[in-house]
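Values quoted throughout were computed directly from the atomic coordinates according to the rules given, and no laboratory measurement underlies them. From a predicted model like this one, the values you see are computed outputs, not experimental measurements. Glycine also receives a Cβ, built like all others from the backbone with ideal geometry; neighbour counts cover every protein chain displayed.
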Amino acid sequence: MTGNCILCGGDDLEIALDLGETPLANGFLSAAELENEIEVAHQLRLAICPTCGHVQLADLVPPAELFTDYLYISSNSTTLIEHLGDLAHDMTDRYELGDRDLVVDVGCNDGVLLEHFKANGVRTLGIDPAENLAPLSRARGLDVVVDFFGTTVANSIRGRYGPASAITMTNSFPHIPDLSDLLSGVCELLGPGGVFAIQAHYIVDMFEQAAFDTIYHEHVSYWSLNAIKRLLSIFELEPVRVERLPIHHGQLRVYVQRSGNGAIDGSVDKILELERELGIVEGKPLREFAAAASRVRRDLQAFLRQAKADGKSVAAYGAPAKGSTLLNYLELGANDLLWIADISSLKQGRFMPGSHIPIVSPLRILDDMPDYLLLLAWNFAEEIISQNQQYVERGGHFVLPLPEVRVL
């Protein structure tokens, strides 16, 4: 049974790609959970709404099951830290934010973005449902409300802190199944002339890079600008400026204001025209995208079989949520990969969901010197390879899985 379109309410979603029944991508298992076989799986299917063209998951998991205990943190990547710093600096300058202005970051994670705003002299507040991450933000001297953002929380914040001059959602916008409550909350909290900055993976880049591993249960929506514009119009909001960004293999940043409050930049029509040319609303690239996912699965499985036949050892680097989708779609496990190295101490000592491959410290790389490291966090390839030059110099090779299998 497929659900309804979360944008227009249509009840005739069409399945575009079926990735099978998989566990939650960030559901990293402890040794005790693995031993007791405590793991829940859910259908993972990508669908398109023929009525409005929105692309989303057909099967939704309750947010409380996904986000109250969360192991991804932004500060593990220097690339991401610098990127978020640029966003804070750009918004502070562009909208002339000062010490009387309040910036609210929805899905603040461990507070990296807000720390940059605070350094620019702006008042800040974070909202995030992950109880385990709030202490990390508070250690940076930030105020955090542990909750899911919506109308009720927005009313509470406005009563206590006043209206927000800016609201940001970097990478958490695709997580939201109740879009009406989200946008109603934004309208309630946003002050006169305020800006709502959305950043999310962009469906055009996802198609172009065959990035099927971006699909997992946290990512409810896969946004085009056309779909975002349609959603915003329901709440008398509109995009006023749009940027395509290379971070996370391609994202869209959309600056939003109340209709008529801001001059609309030419970038909006430029991106909408691109989507019209590509037939995004009609779902034209979806068939090719599904075929690309099958091709990558076939090619990577063939590479791993050949490596094993040649007596070569293979491990992996990076335990992002996207890695879980890739490993489970390829039906890989501990017999295929020795281990997965990850810089996050929150993940080390745990096991990947579904595949149950152990996660270890990157210090293990030079100790074991596997012949190949499959780069699951391929969206940070440049940063990771530069940090592991000694491995490369000693004869190790990184393997990029997407958009096609390549040995570096």
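In the chain, the longest principal axis of the Cα atoms and the axis of helix 179-189 are about 50 degrees apart. Relative to the longest principal axis of the Cα atoms of the chain, the long axis of helix 286-309 makes an angle of roughly 30 degrees. Charge dipole of segment 71-128 (Cα centre as origin; +1 on each Lys and Arg Cβ, -1 on each Asp and Glu Cβ, all else neutral): 120 debye, rounded to the nearest 20.
Between helix 78-94 and the chain there is an angle of about 10 degrees, using the helix long axis and the longest principal axis of the Cα atoms. Between amide H atoms placed 1.01 Å from N, distances below 5 Å from I215 occur with no residue 5 or more places distant or on a separate chain. Basic side chains Lys and Arg get +1 at the Cβ, acidic Asp and Glu get -1 at the Cβ, and with that the dipole of segment 134-273 about its Cα centre reaches some 400 debye. Taking amide H atoms as placed 1.01 Å from N in the peptide plane, the amide H of V220 lies under 5 Å from those of H175, I176, each 5 or more residues away in sequence or on another chain. Per the Debye formula with a single identical scatterer at each Cα and no solvent contribution, what log10 I(q)/I(0) holds for segment 25-96 at q = 0.12, 0.14, 0.19 Å⁻¹? Each listed q maps to, in turn, -0.67, -0.82, -0.97. The loop-placed chymotrypsin sites (Phe, Trp or Tyr not before Pro) in segment 133-238, going by DSSP, include none that has at most 10 neighbouring Cβ atoms within 10 Å of its Cβ. Which of the trypsin sites (Lys or Arg not before Pro) across segment 77-135 are loop residues per DSSP, with 11 or fewer other Cβ within 10 Å? Passing sites in segment 77-135 are R100. Its Cα centre serving as origin, the chain has a Cβ charge dipole (Lys and Arg +1, Asp and Glu -1) of approximately 400 debye. Of the GluC sites (Glu not before Pro) in segment 16-111, the ones in a loop by DSSP (not H, G, I, E or B) with at most 10 other beta carbons within 10 Å are E37, E96.
When the Cα positions of G159, W223, G107 are compared along the charge dipole of segment 96-254, G159 comes out farthest toward the positive end, with charges on each C-beta of Lys, Arg, Asp and Glu.
With the cut-off at 1.5 for a/c, could you classify the chain from its C-alpha gyration tensor as rounded, prolate or oblate?
prolate
Estimated purely from DSSP H runs of n ≥ 4, each contributing -39500 (n - 2.57), the mean residue ellipticity at 222 nm for the chain is -10000 deg cm²/dmol once divided by its residues.
Amide hydrogen proximity for Y70: with H placed 1.01 Å from N in the peptide plane, the residues at 5 or more positions away or on another chain lying under 5 Å are N132, L133.
What is the chain's relative contact order, in percent, from Cα pairs under 8 angstrom and six or more apart in sequence?
Reported as a whole number, the value is 15 percent.
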